[in-house]
Amino acid sequence: MIEIKTGKRVEVIDITSKVKEEVKNSGVSDGMVIVYTKHTTTAITVNENESGLKEDMLNILERVIPTGAGYEHDRIDNNADAHLRAILIGNSITVPVSGGNLDLGTWQSILFVELDGPRKRKIGMKVIKS
Ligand code: ZN
């Protein structure tokens with residue numbers, strides 16, 4: 001498990017190097033790693049770590065699930081948009097491990113999406129030998 005501190009309410013953070021380190025420390029050379037968020041207002045996906053694309057991601061989330069659009073859950077803690085966006089993106093990813101390395105494509109990075117920060121966040125990982 002790793003802990004990260006996010007800096008904004010909504011942001012995309014590349015955690016690929018942290019996952020690589022965890023895989024290295026596990027000693028598993030072939031298998032897979034499951035990376036999952038331990039929170040209901042964050043998400044994890046695999047895509048390109050490019051600043052324009054990360055902006056586009058956040059903009060489309062705001063368009064599809066606008067902040068404060070009369071959600072029932074906003075009566076509780078005013079963050080329904082964050083939960084709904086997290087559901088849309090998903091809470092875990094699986095990456096194959098080959099020769100001790102993450103078997104990702106050239107442009108693929110593991111992206112953690114903060115949707116109700118800034119906060120301390122926990123990311124779980126399970127490396128499974130095949
Ligand atoms: Zn909530």
Roll a 1.4 Å probe over the protein heavy atoms and report the accessible area of M32 in Å², nearest 10.
80 Å²
Table column - 3J(HN,Hα) (Hz), the range 102-109, Karplus curve with 6.51, -1.76, 1.60, x for Gly and Pro:
5, 8, 9, x, 3, 9, 8, 10
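At 37 °C and 0.692 mPa s, grab the translational diffusion coefficient of the range 52-91 from Stokes-Einstein with a Kirkwood Rh over Cα pairs, rounded to a whole number in µm² per second. Don't jump to the answer; show the numbers that get you there.
Numbers: Rh = 10.6 Å.
Value of D from the Cα-based Kirkwood radius: 310 µm²/s.
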Between beta-carbons, use under 9 Å as the cut-off and find the net charge around G68, counting Lys and Arg +1, Asp and Glu -1.
-2
Could you list the chymotrypsin sites (Phe, Trp or Tyr not before Pro) in the range 54-130 that lie in coil according to DSSP, counting only those with at most 14 other Cβ atoms within 10 Å of their Cβ?
W107
Using alpha-carbon coordinates, inclination of helix 80-89 to the longest axis of the chain, degrees:
30 degrees
Over the chain, with neighbouring protein chains present, the accessible area per residue in Å² at probe 1.4 Å is 57 Å²
Quick one: accessible surface of L104, probe radius 1.4 Å, all protein chains present, in square angstrom to the nearest 10.
40 Å²
Can you tally the net charge around K38? Count Lys and Arg as +1, Asp and Glu as -1, for every other residue whose Cβ sits under 9 Å from the Cβ of K38.
+2
When the accessible area of the chain is split by element with a 1.4 Å probe, what percent falls to carbon and sulfur?
49 percent
A correct Stokes-Einstein calculation for the chain, using the alpha-carbon Kirkwood radius, 10 °C and 1.306 mPa s, returns a whole-number D in µm² s⁻¹ of 104 µm²/s
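The values are calculated or read from the model by the stated rules, or taken from the named source; none is laboratory data. Worth saying up front: this structure is predicted, and the values here are computed from it rather than measured. Neighbour counts are summed over all protein chains in view; Cβ atoms, including those assigned to glycine, are modelled from backbone coordinates with ideal geometry. Keep in mind that these areas ignore ligands, DNA and RNA; they rest on the heavy atoms of the full protein, side chains included. Shrake-Rupley method; radii C 1.70, N 1.55, O 1.52, S 1.80 Å.
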